[in-house]
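Every number in this text was worked out from the coordinates using simple rules, so none of it is lab data. Predicted, not measured: the structure shown is a model, and the values here were computed from it. With ideal geometry, Cβ positions are generated from the backbone for all residues, glycine too; neighbour counts draw on all protein chains shown.
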Amino acid sequence: MARTGRRPGNQDTREAILAAATNAFAERGFDGASIRQIATSAGVDPALVHHYFGSKDKLFLAAMNAPLDPGTVLPKVFEPGLDGVGERLVRAFLTVWDSPTGNTAAALVRSALQHEWSARMLREFLVSQILRRATRALNLDPAEAPTRTALVASQMIGLAMMRYILKLEPLASMTQDDVVRNIGPTIQHYLADPLPGPPATAAHADISDDSVWGTAPRGQ
């Protein structure tokens with residue numbers, strides 16, 4: 001028998017967890033939200049959250065309706081190391097956006113431009129699911145990593161805007177190979193070449209310091 005005040009495991013329970021998670025991630029960020037807090041808000045045991053979603057990362061991706069799980073795509077990009085990572089990253093990015101998944105990604109970007117809530121969720125997605133993965137996998141200097149990865153993000157979001165949302169020519173009609181040849185070296189520069197000066201916001205900072213990334217304190 002389910003405990004008093006706790007929801008049984010069904011579709012309504014899953015939706016209640018998602019609603020609580022969406023609010024928690026938007027208000028407190030990925031680090032600030034915890035499975036226990038989300039479970040309490042949804043009126044369920046934490047074990048049910050793990051039952052439906054498996055992990056905090058998976059729950060976050062479901063809450064924001066992410067077009068893909070970066071954990072299935074990025075290892076192939078980052079594991080070979082820094083050499084050639086710029087071209088691999090741009091090609092993987094284009095492959096996602098040129099697929100049916102690209103429609104969902106475009107909707108997320110458009111929503112982020114119009115709503116602060118969506119902008120916060122997209123920012124949390126970039127930081128927690130992509131930029132930190134790059135930092136760990138590429139063994140970037142912790143003092144430089146936030147600057148390097150933020151520059152990469154600016155380039156990739158700009159590419160998405162110009163090619164897929166505004167459809168600026170000739171970029172919109174370029175082949176994948178042409179885009180990779182033109183933008184890959186810039187990404188490579190951001191990740192591998194010496195920075196022109198000391199990172200203004202990340203000098204002497206630990207990559208685990210959430211204030212560097214602009215995210216909320218870690219949840220337990």
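Across 15, 144, 27, mean-square fluctuation computed from a Gaussian network of the chain (C-alpha pairs under 10 Å connected) peaks at 15. For the chain, the longest principal axis of the Cα atoms and the long axis of helix 145-160 meet at an angle of about 80 degrees. The helix-based estimate of mean residue ellipticity at 222 nm for the chain, built from -39,500 (n - 2.57) per DSSP H run of four or more residues and divided by its residue count, is -19000 deg cm²/dmol to the nearest 500. For the chain, modelled as a GNM whose springs connect Cα atoms under 10 angstrom apart, the maximal fluctuation among 67, 194, 80 occurs at 194.
Any idea what the dipole of the chain comes to, in debye rounded to 20, about its Cα centre with Lys/Arg Cβ at +1 and Asp/Glu Cβ at -1? Present the calculation step by step, with values, prior to reporting the outcome.
Values: 22 positive and 22 negative charges, 135 e Å.
The dipole of the chain has a size of about 640 debye.
Segment 39-62 and segment 81-127 have Cα centres lying 24 Å from one another.
With angles folded into 0 to 90 degrees, how steeply does helix 11-32 sit against the dominant principal axis of the chain? Use alpha carbons for both and round to 10. Roughly 50 degrees, rounded to the nearest 10. Axis angle, to the nearest 10 degrees, between helix 101-114 and the longest C-alpha principal axis of the chain: 80 degrees. Would you mind telling me which residue in 64, 162, 121 has the biggest mean-square fluctuation in a Gaussian network model of the chain, where springs connect alpha carbons within a distance under 10 angstrom? Checking each option, the largest mean-square fluctuation is seen for 162.
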